[in-house]
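One structure is given here, and the rest of the page talks about it.
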Amino acid sequence: MRLDGKVALVTGSSQGIGQGIAIRLAAEGASVIINYRSHPEGAEETLAKVEASGGKCYMAQCPKNPGYAIKADTGMVEDVQRLVMESVEHFGKLDILVNNAGIEKHAPFWDVTESDYDAVLNVNLKGVFFATQAMVRHLIATKRPGKIINISSVHEELPFPNFTAYCTSKGGMKMLTRNLAVELGSLGITINNVAPGAIETPINTKLLNDPEKLGALLKNIPLGRLGQPQDVAALVAFLASDDANYITGTTFFADGGLLWNYQEQ
Ligand code: BGC
């Protein structure tokens, strides 16, 4: 399998896209650290599916079970640093970091509060920055290459009115990736973004329950459906594999054609 013997950490993997990624990476042979903040029951569900998928770590000190869940708030620097350290302690190493955890808050620009701005930027950008830094320090210390994959959004390019803090974080993530591809290249560390469009996950619960908004959104998606977590996870599995060794600093969209959809009636 493509990820045999690899160890991956997937932040925010108790639900949605992160859960799909954790399960897919395990199915490709990886051992997976599942991370959650407030949904232990979701993390348990991911863990059960990861164990059933049968990933395996081949290092001498590796535990038998291919999955392990760690609680940490990725919006807090101390927590992300501990998350990376505990992952390394548990499986003996890390090869792949998937910065997936993300949140969004809806409000007109003029009503955005400082605490909502901080909540979004802390998880979506600051946490990614420092999780990546901790991962890179581990790879440097162990003199090994590694792969970092950030789950961005079509909104690293596309405006999304009433979600300005979210778009700011995803635009920042785009430049974080471009910059680090250059800075980390000589260390054999690659970094890429996967940018989903509208995926059927809990982040979209409100939208999914609003037939009018959902209908309008579907009209903007050339492939005519919302994406599923597996649609994103398949791309992540490729980028995490040796097949992607020469790819860095790039964003890949999994959006059913949403981003570049333009038509005149
Ligand atoms: C957002 C969703 C939105 C989708 C398409 C995602 O990044 O999280 O709320 O529906 O982009 O606009």
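The values are calculated or read from the model by the stated rules, or taken from the named source; none is laboratory data. Owing to the predicted nature of the structure, the values given are computational and were not obtained by experimental measurement. Cβ coordinates were reconstructed from backbone atoms using ideal geometry, including for glycine residues, and neighbour counts include every protein chain displayed.
General observations
- Any hit, the stretch 196-214, residues being among the acidic types (D, E), assigned to a loop (DSSP other than H, G, I, E, B) and more than 30 Å from R2 (Cα to Cα): yes
- The residues on offer are N209, N179, and the sole one that is free of Cβ contacts under 8 Å to residues at least 40 places away in the same chain and within 30 Å of L139 (Cα to Cα) is N179.
- Candidate set from the stretch 234-265 (those that are among the acidic types (D, E) and in a loop (DSSP other than H, G, I, E, B)); member that is farthest from the ligand (Cβ to nearest atom): E264
- Only one of the listed residues (G197, G171, G188) is on the phi > 0 side of the Ramachandran plot, modelled with pLDDT of 95 or more and either surrounded by 13 or more Cβ atoms within 10 Å (Cβ to Cβ) or within 10 Å of the ligand (Cβ to nearest atom) (or both). That residue is G188.
- Looking only at the stretch 73-110, and only at residues there that are of a type in the set (V, I, T) and either under 22 Å from P196 (Cβ atoms) or without any contact (Cβ under 8 Å) to a residue 24 or more places away in the chain (or both), the one that is surrounded by the most Cβ atoms within 10 Å (Cβ to Cβ): V98
- Failed item, numbered, when K143 is tested on (1) out of contact with any Lys or Arg (no Cβ under 9 Å at 6 or more places or on another chain); (2) over 19 Å from S14 (Cα atoms); (3) within 16 Å of the ligand (Cβ to nearest atom); (4) not in a helix (DSSP H, G or I): (3)
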